[in-house]
Amino acid sequence: MASKRQIFVGNVPIGGGAPVAVQTMTKTETANLAATMEQIRKVADAGADLVRCAVPREQDAEALRTIVRESPIPVIADIHFNHTLALKAIDAGAHCIRLNPGNIGGREKVAEVAVKATAAGTPMRIGVNSGSLPKHLHALEREAPVEALVAAAVEFVEMMESLDFENFKVSIKSTNVPNTIAANRLLAEKIPYPLHLGITEAGTKWSGSLKSAVGLGTLLADGVGDTIRISLSTFHAEEEVKVAWEILKALQLRERGPVLIACPTCGRLQFDMDSVVAEIEQRLEAYTEPVEVAVLGCAVNGIGEASHADFGIAGAKNEGLIFAGGKPLRKVPQAKLVDTLFEEIDKSLDRGGQVEFDEAESREGAEWVANIERENAGDLTPEKLAQMEHEASQRQQEEEPERVLLDEEASPTAGRRFTRA
Ligand code: SF4
């Protein structure tokens, strides 16, 4: 359920069924033009659709003029407490103003910004953060934090509507993942405006990415959310963009660049897969094509579950196999596996996605895999166990379709929706 309304931040549509837009925030002092522009170019290269810059001082608002002119992507000015800076940011050509109507100094000042934004055609992002709800909602916040967040957001929406300003998106942010999920679900039912999703101060690259993937991923999978920002405790804003893209790609909401899949490894692994996967991941960053690459730690299961990948490797002690679209391409020495994989990817991209198979080499590769499969026929690999479970459940479903349905309905997790922490 995408938002009913759509707005445009620069040339980027937000909401109304538009692709979920990726945004991030520069970490530089905005007035430091060289550093800010360098970071903006980096995040744009990484796939940011929008970039936000903090505007806490006059010189930052002034710098926006140049930033807006030179930025390859639309620029959002992030304003707190000072409505004069919001007015100046609009004058500087910012493509959107982010402000929290609760901390800008009252309705009159919000109205002043709204009038100027309307004249300039500048949209706004209005939002509430769990740490800064209006005083009259503090008691409710202690008892029912989700309802308090939603009540604050709805009050701000009504304030903007009463000012005849409807060119906005809304955000509710919290450091608490379950509250963020519940609040945004509730808000999406109450208002037609696009929603900006984020987990405030999510944490380090590791923990913050996971929290964001769980929180934002859950909402996006439900169709809630029109633009996302991953907040990570790193100076490298492009890392936030990469995480955002991984979430969108995992949910198949957007496509960008390669997809890398890799087996989890197990005791059958016979080569240093950690470094091979890391090298492949790093080399794939240079590609913009949505090529899917699989890395298997062994060929005990043949090409198996990776057969749908565009390209892949199955490693072994001294040699490994390169395959494409489920068919062996050739067997190569272990040391050449990664280079040969990329040669094949490049050749195929040059040919518009066509892969050329040398039948003799392909046959030799197939025999090599078949030998390994035969030698290990009795092994219960993770893949074989998963396949056996799948087959067993299919058999059960065919034999007792009604019983399976009843079991699912009786399951404590069936149909469960998160409501409130
Ligand atoms: S058996 Fe499966 S998980 Fe184990 S190394 Fe081989 S492909 Fe990877």
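Every number here is computed from the coordinates shown, using simple stated rules; none is lab data. No experiment lies behind these values; they were computed from the predicted model shown. All Cβ positions, glycine included, derive from the backbone under ideal geometry; neighbour counts span all protein chains shown.
If each residue of separation counts as 0.36 nm, what is the full-extension length gain between Leu260 and Phe8 once their alpha-carbon separation is subtracted?
87.5 nm
So what does log10 I(q)/I(0) come out to for region 180-290 at q = 0.12 Å⁻¹, using the Debye formula with one equal point on every Cα and no solvent?
Result of the Debye calculation: -0.51.
Considering only DSSP beta bridges where both residues belong to the chain, give the percentage that are antiparallel (nearest 5).
The answer is about 30 percent antiparallel.
How far, in nm, would the chain grow between Lys347 and Lys42 when pulled straight, counting 0.36 nm per residue and subtracting the alpha carbon separation?
Additional length available on full extension: 107.0 nm.
Give, in nm to one decimal, the length gained when the segment between Ala120 and Lys336 is fully stretched (0.36 nm per residue of separation minus the Cα-Cα distance).
The span from Ala120 to Lys336 would gain 71.9 nm if fully extended.
Could you pull out the longest piece of the chain with no exposed loop trypsin sites (Lys or Arg not before Pro) in it, calling a site exposed if DSSP puts it outside H, G, I, E, B and it has at most 11 other Cβ atoms within 10 Å?
That gives 1-316 as the longest site-free run.
Debye calculation, C-alpha points only, no solvent: report log10 I(q)/I(0) for region 267-338 at q = 0.26, 0.27, 0.28 Å⁻¹, in the same order as the q values.
For region 267-338, the Cα-only Debye profile gives -1.30, -1.36, -1.42.
From the alpha carbon gyration tensor of region 118-218, can you work out the equivalent ellipsoid semi-axes (sqrt of 5 times each eigenvalue) and give them in Å, largest to smallest?
For region 118-218, the ellipsoid semi-axes come out as 24, 17, 11 Å.
Pop the C-beta distance of Gln354 and Glu108 into the FRET formula with R0 = 51 Å and round what comes out to the nearest 0.05.
That gives a FRET efficiency of 0.20.
Calculate the spin-label point distance for Glu305 paired with Arg57, positioning each point 7 Å from the Cα along the beta-carbon direction, and give it in nanometres.
So the label points at Arg57 and Glu305 sit 5.3 nm apart.
Once each part is reduced to its C-alpha centroid, what is the distance from region 184-218 to region 234-254 in angstrom?
Cα centroid to Cα centroid, the span is 13 Å.
List every residue whose amide H lies under 5 Å from the amide H of Ser171, counting only residues 5 or more places away in sequence or on a different chain, with H placed 1.01 Å from N in the peptide plane.
Ile126, Gly127, Val128, His196
Please go through region 192-292 and write out the chymotrypsin sites (Phe, Trp or Tyr not before Pro) that DSSP classes as loop and that have at most 13 other C-beta atoms within 10 Å.
Hits after loop and neighbour filter: Phe235.
For the pair Val154 and Leu385, what calculated FRET efficiency results from E = 1/(1 + (r/R0)^6), where r is the Cβ-Cβ distance and R0 = 35 Å, to the nearest 0.05?
After rounding, the FRET efficiency stands at 0.10.
Taking every pair of alpha-carbon atoms in the chain, give the share separated by more than 34 Å as a whole percent.
Above the 34 Å cut-off, the chain has 44 percent of its Cα pairs.
Say each of Arg65 and Phe235 gets a label point 7 Å from the Cα, pointing the same way as Cα to Cβ; how far apart are those two points in nm?
If labels sit at Arg65 and Phe235, their model points lie 2.9 nm apart.
Can you grab the distance from the C-alpha centre of region 271-327 to the C-alpha centre of region 1-36, Å, no decimals?
With region 271-327 and region 1-36 each reduced to a Cα centre, they are spaced 35 Å.
So which of Lys4/Lys173; Lys42/Lys205; Lys135/Lys205; Lys42/Lys242; Lys88/Lys135 end up more than 23 Å apart by C-alpha?
Going by Cα-Cα distance, Lys135/Lys205; Lys88/Lys135 fall outside the 23 Å limit.
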